[in-house]
Structures are given as structure tokens and as C-alpha cells.
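One structure below.
The values are calculated or read from the model by the stated rules, or taken from the named source; none is laboratory data. This one's a predicted model, so the numbers in the text were calculated from it and none came from an experiment. All Cβ positions, even for glycine, are placed from backbone atoms using ideal geometry, and neighbour counts span all protein chains on display.
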């Protein structure tokens with residue numbers, strides 16, 4: 001095996017960050033389209049929230065299949081196909097006139113494209129880096145933050161100038177072209193290119209993960225994986241709901257549409273710092289402690305949101321919540337690899353992502369439906385506080401991972 005002066009893994013990181021920026025940034029930009037869609041079609045918030053949430057659920061369900069296929073066949077072809085679904089779905093969405101088209105083009109087709117965004121980007125990152133997995137995952141997830149900051153802003157500008165239909169057509173066409181091009185950079189793992197993870201001179205860290213690989217049946221039958229599963233479900237129940245409803249909530253509180261869109265962009269910007277900081281913290285204090293910190297910040301900000309009725313209060317919320325948001329999405333892939341190894345990481349991470357999509361599916365509908373009934377988000381926000389506390393409790397209960405354990409102890413500990 002060879003060691004190059006410039007490691008191809010860095011190209012992988014840039015490509016995966018681009019996938020995250022385009023995919024997740026476009027998904028969260030739906031919040032900017034929320035009001036224009038309500039105004040044109042007079043549909044309920046529950047209908048719109050349901051379509052957005054169903055796309056997330058479909059993405060998560062298919063993510064399990066994508067994870068299994070990536071483990072076996074690699075990311076390049078799968079990401080190319082996903083990019084075609086991603087872009088064409090938005091081009092079709094720009095032509096809708098009925099709710100069934102909303103659910104077909106956005107929920108189903110867009111969900112199919114979205115299914116590869118997290119699983120392929122983070123699985124590929126985990127295969128190329130071991131010792132620096134946390135910080136590299138953080139850098140990749142910074143792409144998400146840039147996308148969350150940039151694409152909603154661009155969407156708002158396009159909507160103001162051209163209308164929501166042209167805005168979605170432009171975002172879909174450009175997004176499809178970029179994702180297909182980026183996919184051609186991806187490679188399954190460094191070994192197939194004559195390289196080692198982290199550009200090491202010898203297969204040190206890479207073999208370590210393979211030696212302590214835990215049988216899939218043991219992972220799925222143990223408590224540790226399901227604690228992570230339900231913790232991610234509870235996190236995304238809150239996180240995805242905020243991303244859908246924070247803009248209409250701010251507008252309802254008297255904030256202008258432009259300033260409300262900037263709140264969403266501020267969350268994206270703050271999440272960049274959260275993704276990098278938590279990614280770096282993972283390599284120093286571990287995944288479990290990093291996740292606990294993020295849950296605590298999330299709970300505090302959900303309580304603060306109950307009091308927020310002025311623009312500065314929303315911006316303060318956006319900064320601290322954005323940090324926690326970015327951190328929680330960064331920590332999932334590394335914690336799965338840390339506890340259960342890398343050989344079946346695509347499948348296991350796909351299952352963990354599915355847990356998040358279940359939460360992300362239920363949460364926005366929960367808020368939208370309660371708003372339709374009560375005319376306020378207050379009860380929904382209190383519900384998020386309770387769910388976040390449950391997630392924090394699950395991670396507190398998770399047995400800390402000990403780096404110095406033997407292969408046999410690793411297997412036993414993960415199954416506890």
C-alpha cells in the first residue's frame with residue numbers, strides 16, 4: 001500500500017460536504033416556501049407539514065436499503081441515481097396544482113433522492129477516516145450548515161423575484177447537475193485505491209475496527225444500539241419540527257418574512273460552528289459526552305423559545321439552537337462506528353437514520369396539527385421539551401465506550 005503526499009480522502013470530504021449542503025439545505029428550505037404555498041393553495045399547515053415529513057420518512061426507510069447497497073457496491077452509482085431523482089422531483093414539484101402531486105413529487109420522488117444524502121456521505125467518510133473520524137465528520141456536516149444558511153436565503157431571493165415555482169425549478173435543476181457531478185468523485189474505501197484510512201503508512205486503525213467487528217445479530221439484539229436508535233428519534237422529532245415551523249412561527253409573532261427567513265439561515269450558520277466543534281470534541285471527549293452536551297443545549301433553547309417574542313430573542317435562539325442542531329446531526333455516524341465497527345456501518349447507520357426520520361416525520365405533523373387545532377405552537381413546543389429530555393435520559397443511560405477493551409469485551413459491552 002502507498003502513502004500519497006495529498007490524500008484522496010480529502011477529495012472525498014469535499015464531495016461529501018457538497019452532497020450534504022445541497023441535499024439538506026434544499027430540504028430545510030421548504031420552510032421558506034411554506035407561506036407562499038399556503039397563500040396560493042389555501043391548504044392547511046397539516047397538509048404541507050405532512051408532505052414534508054413524509055419525504056423525510058421515505059428517505060429514512062430507503063436509507064436502510066441504501067446503506068446495505070453502499071456496504072456492498074460503493075457510493076458512486078447510487079449517488080448518481082439519487083441525484084437524478086433529487087433534481088427531477090423539484091422540477092416536477094414546480095408544476096403542482098393538487099395535494100396528490102405534492103405528495104407524489106415531493107414526498108415520494110424527493111424522498112427517494114434525499115435517502116442517499118446522509119447515508120452515502122457519512123458512511124463514505126467513516127470508511128476513509130478512523131483516527132480523525134470525528135473532526136472529518138464535523139467538516140462534512142459543516143456542508144449541511146452552509147447549505148442551511150445559503151439555500152434558504154437564495155430561495156427567499158428567488159421567490160421574491162420570480163415566484164416559488166421558478167425558484168424550485170432553478171434549485172432542482174442546478175442541484176441535480178451538481179449532485180451527479182459530485183458523485184463521480186466518490187470511492188468506496190481507501191483500500192481499493194491502494195491507500196489506508198487517514199493516509200496512514202500502515203493499516204493500524206483500519207484493522208482495529210475490523211478486529212473488533214460485532215456480529216450484526218448481536219448489535220440488533222443488544223440494548224446499546226436501541227438506546228442510540230431512540231435517542232436519535234427523539235432528537236429529530238424536535239430538530240426537524242423546528243426547521244419546518246420556526247419561520248411561520250416567527251411570522252405569526254410579528255417578525256417580517258425576510259427577517260424570519262434570516263432566522264433559518266442563522267440556524268444554518270450557527271450549526272456550522274456546532275458541527276465542527278462537536279466533531280472535534282468527539283475525538284477528545286467521545287461521542288456520548290458530546291451528545292449529552294448537545295441535548296442539554298437543545299432543551300434549554302426549547303424552553304427559551306417559549307419566551308421569545310422579539311427578533312433579538314429569536315436570533316439568540318437560532319445561534320445556540322443551531323450549535324446543538326449541528327452537533328446532534330454530526331455525532332450519530334461516529335457513535336455507531338465507535339460502538340459497533342465499520343463493516344456493516346452503512347446498514348446500521350441507515351437504521352439509525354431511519355429512527356431520525358421517524359421522529360422527523362411525526363414531529364412536524366405534531367406541531368402543524370396542534371396549530372390547526374389551537375392556533376398556537378405553544379403546546380407543541382412543550383411537547384418537544386419532554387421528548388428532548390427523554391433523549392437525554394437515553395444517552396445518559398448508555399454505557400460509556402472504553403477504548404482499551406479487548407475484542408471480546410467490545411462485543412459484550414455493545415450488547416449490554
Region 152-177, subset in contact with a helix residue (DSSP H, G or I) (Cβ under 6 Å, 6 or more places away or on another chain) and more than 14 Å from residue 90 (Cα to Cα), residue surrounded by the most Cβ atoms within 10 Å (Cβ to Cβ) = 152
inquiry  = Just the residues that are assigned to a helix (DSSP H, G or I) and surrounded by fewer than 24 Cβ atoms within 10 Å (Cβ to Cβ), please, taken from region 129-138.
reply    = 135
ask   = Looking at region 35-45, is at least one residue at pLDDT below 90, over 24 Å from residue 175 (Cβ atoms), in a helix (DSSP H, G or I) and within 25 Å of the chain's Cα centre (by Cα)?
value = yes
note = Counting only residues that are closer than 18 Å to residue 219 by Cβ and either at pLDDT below 85 or surrounded by fewer than 12 Cβ atoms within 10 Å (Cβ to Cβ) (or both), region 362-409 contains a total of 10
inquiry  = Looking at region 114-133, can you tell me whether even one residue there is out of contact with any strand residue (DSSP E or B) (no Cβ under 8 Å at 6 or more places or on another chain) and closer than 20 Å to residue 32 by Cα?
reply    = yes
ask   = Do we find that residue 224 is in contact with a helix residue (DSSP H, G or I) (Cβ under 7 Å, 6 or more places away or on another chain), closer than 17 Å to residue 338 by Cβ and at pLDDT 80 or above in this structure?
value = yes
task = Could you tell me whether residue 23 is within 23 Å of residue 262 (Cβ to Cβ) and modelled with pLDDT under 90?
result = no
message = It is to be established whether one or more residues within region 291-305 are surrounded by 22 or more Cβ atoms within 10 Å (Cβ to Cβ), outside any loop (DSSP other than H, G, I, E, B) and at pLDDT below 90.
response = no
Residue match in region 351-360 (condition: at pLDDT 80 or above and either within 23 Å of residue 132 (Cα to Cα) or surrounded by fewer than 20 Cβ atoms within 10 Å (Cβ to Cβ) (or both)) = yes
inquiry  = I'd like the full set of residues that are assigned to a helix (DSSP H, G or I) and crowded, with 17+ Cβ neighbours inside 10 Å, limited to region 85-102.
reply    = 85, 86, 87, 88, 89, 90, 91, 92, 93, 102
